[in-house]
1. By per-residue mean of other Cβ atoms within 10 Å, what is the highest-first order of 86-96, 17-27, 49-59, 33-43?
2. Test of understanding: what is the full-extension gain from residue 123 to residue 48, defined as 0.36 nm times their sequence separation minus their Cα-Cα distance?
3. Using the Kirkwood radius over Cα pairs, work out the Stokes-Einstein diffusion coefficient for the stretch 3-116 at 37 °C and 0.692 mPa s, in µm²/s as a whole number.
4. Quick check: pseudo-label points 7 Å beyond the Cα along Cα→Cβ at residue 12 and residue 91, how many nm apart are they?
5. Between the stretch 12-31 and the stretch 32-79, what is the separation of their alpha carbon centroids in Å?
6. When the helix-only estimate is applied to the chain (DSSP H runs of n ≥ 4, each -39,500 (n - 2.57), divided by the residue count), what is the mean residue ellipticity at 222 nm, nearest 500 deg cm²/dmol?
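Read-outs: derived from the displayed coordinates by stated rules, not from any lab. Quantities reported herein were computed from a predicted structural model and do not represent experimental measurements. Positions of Cβ are backbone-derived with ideal geometry, glycine not excepted, and every protein chain shown enters the neighbour counts.
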């Protein structure tokens, strides 16, 4: 079974890039996507326990990813990864304090790939024969 991903990102090009990355790494299925805090909150309320990994941007066109970290942590077993342009030591510390399992700057795309490849429960797709 694939790791179920809930993606919170307001920029369409980054949504497409993350979708492509998840597909290329394999073992992930995007089950929900939101571009604002309100839409993400609505999705979380309607899909309680329906995701394994939330990838959350902090700076959204409407609302804040900081608030969403806490909302995501009300889920039984989901992991929260912050993936944002807005990462400094203080921001990283705040995200971890709010309950994020990881914080990666968008400048560190290779680090995101490594995080996904090592994600617990991910079953890599078999290479075609």
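1. Values: 86-96: 14.0, 17-27: 15.9, 49-59: 21.7, 33-43: 18.1.
Highest-to-lowest ranking by the protection proxy: 49-59, 33-43, 17-27, 86-96.
2. Working: separation 75, 0.36 × 75 = 27.00 nm, distance 2.30 nm.
Difference between extended and current length: 24.7 nm.
3. Here the translational diffusion coefficient equals 239 µm²/s.
4. With each label point 7 Å from Cα toward Cβ, the separation is 2.4 nm.
5. Their Cα centres are 17 Å away from one another.
6. Helix-only estimate at 222 nm: -11500 deg cm²/dmol.
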